[in-house]
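J.: Questions regarding the structure given below will be posed in turn.
The values are calculated or read from the model by the stated rules, or taken from the named source; none is laboratory data. In this text the structure is predicted, and so the values were computed from the model without any measurement. So basically every Cβ, Gly included, is an ideal-geometry build from the backbone, and we count neighbours across all protein chains shown.
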Amino acid sequence: MCETLIADGLTSGLSEKLAGYVIKCLAVGGGFLVGYFAGSVLAWALDRWVFAHKAPVQLKKLCSMLCGLVLAIVVALIVFGDGGGLFGGGGAPGDGKGAPATENKDKQQPSPSVPPQEEPKLVLPKVEPKPPDPKPTPGDVRVAILSGADVRDGKFYVLDNETTAKTFDELKKAITDRRTSTKTELTLVFRFAKDPLSNSHPEMKRLSAWVQEAKVLSRFE
């Protein structure tokens, strides 16, 4: 019984499609006939009013055929342009069945609330107080050691507040004279005027050897 119902359903559906296709074909044929008749009337009018009955018969038939074909094509586009196949199958698009819901996909999702961050606090570096310069003692003799372009003619030393630089021999003679002329023990206070000399520098080696040999008190600021 089920097979009979299915067969009846298929037969009825096929017959409906076939009937629809035949009707569409008849409409196209009718369009051709109407266009052919209209072309004949147009050809007769042109032959009478334009060509004065001198148009050939083949031209009038060609005009009728063209008008019939044009109208048949127009009717075919109208009746078969609904998306149907050979038997008018296929439903019209946009029936709304199974359409994916994409409307909410393009909507921007609200971003989760982020707690406000505290601004970083500006921490100032701790400035250590500069220790005070040692108080000069009565026996201090300050010696500035020159370097680089400030050294001319081998004169590396400036004694106390003098403006003229001295060589090592001149410095040694000046210190020796002061030691013999005063009863106060002298202390040589060295400092570098600009860039310091390394301990491997020949002048620093000679100065260190003389200070140890002469047993002169000394220190660097």
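J.: Give 184, 163 a once-over and let me know the one that is of a type outside the set (Lys, Arg), free of Cβ contacts under 8 Å to residues at least 12 places away in the same chain and either part of a loop (DSSP other than H, G, I, E, B) or closer than 18 Å to residue 139 by Cβ (or both).
T.: Going through 184, 163 in turn, just one is of a type outside the set (Lys, Arg), free of Cβ contacts under 8 Å to residues at least 12 places away in the same chain and either part of a loop (DSSP other than H, G, I, E, B) or closer than 18 Å to residue 139 by Cβ (or both): 163.
J.: State all residues of the stretch 199-221 that are loosely packed, with under 11 Cβ neighbours inside 10 Å, part of a helix (DSSP H, G or I) and touching a strand residue (DSSP E or B) at 6+ places or on another chain (Cβ under 6 Å); if no residue qualifies, say none.
T.: Across the stretch 199-221, there are no qualifying residues.
J.: Among 140, 195, which is the only one that is under 50 Å from the mean Cα position of the chain (by Cα), modelled with pLDDT of 80 or more and within 20 Å of residue 220 (Cα to Cα)?
T.: Exactly one of 140, 195 is under 50 Å from the mean Cα position of the chain (by Cα), modelled with pLDDT of 80 or more and within 20 Å of residue 220 (Cα to Cα), namely 195.
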